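Structure, as structure tokens:
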Amino acid sequence: MTVAYVFLALLGTNLGCTQTGIAAYFSPGDNHNFCGKLDGSQQSSQRASIESILWAIIKFKVLMPNINGDSTLVIRSKSQPVIEFINNCRAQLNGGHTEDIMYIPSDAMEDAIVAAYEIINSNFNVELEHVHSHAHMVGIEMAHAKATKVASLMQAVYVNSAFVQKDDTCSSGVGVYFGPGDPRIYQGKQPGTPQTAITALLEAVFHAVKQVHKGQTQNKQVSNLVVKLESQEVINYITTAIAQVNNEPDTEMCNFPDEILDSLLKVVKATKKLRL
């Protein structure tokens, strides 16, 4: 029998958003140990608990592909509602009897169903055990510490721009905000031509990334950067360009507008310098 302890850490920031770290801990130096950030815009304790359980299963499955069906992975978590919900999903998928369970928000349901599928399709037994919130176990404390470290190293930043066209003249300003009193806050003008609303936002993102990189050179640790902006179009341009440059699979080729190419290239090059 192998035992894994899972935990999460949700940290609020001075920008009003939540950063979530998740972790699965098996034993000291074990290759199955995992810690990382919770992806997606919906940051909740339920989703984080489910994702930490899911990663414990995946790590065990990937690193021990030849394990036999008599082996058992026991996952211990402090989240009773999540354990009950996943077990209920397992029962439904297997056509078995289900019990009344505590409420789980809709944003966590998809993750729970995925976890249930992983358990059903595993070539080993998986048991979910609840440990009381007041229980002090080395495994739980280690998982908590790892999740907290990941969450504390995340960095959120807001960017925006102002684009003004008067007669035949265009000008734009850009702003980058990390939090009150943060020395990396930036404001300035967009250089060069052409100047459009899109190139102004790209310039703002560039300076956000540049300021984080500058902080890294001064030993200000950041493991994950989240840049928040209002334009989904600009977000799509940046994520697609980075994916194409990195030759990521299943990436649709995109022909970017000529007027944004220089600004977009600056952002892509800047992101490659980050130690994230």
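The values are calculated or read from the model by the stated rules, or taken from the named source; none is laboratory data. What you are looking at is a predicted structure, and each value in this text was computed from that prediction instead of being measured. Quick note on the areas: whole protein, heavy atoms, side chains included, nothing else; ligands and nucleic acids left out. Shrake-Rupley method; radii C 1.70, N 1.55, O 1.52, S 1.80 Å.
Worth a mention:
- Given their separation in residues at 0.36 nm each and the Cα-Cα distance between them, residue 256 and residue 162 gain 31.6 nm when the chain is fully extended.
- Surface analysis of the stretch 166-206 yields an accessible area of 54 Å² per residue, using protein heavy atoms and a 1.4 Å probe.
- Extension gain for residue 62-residue 137 works out to 24.4 nm (0.36 nm per residue, less the C-alpha to C-alpha distance).
- Only protein heavy atoms count here; under a 1.4 Å probe, residue 266 has an accessible surface of about 70 Å².
- Checking the Cα-Cα distances for 149/272; 189/266; 78/146; 146/214; 37/149; 214/266 against a 19 Å cut-off, the pairs over it are 149/272; 146/214.
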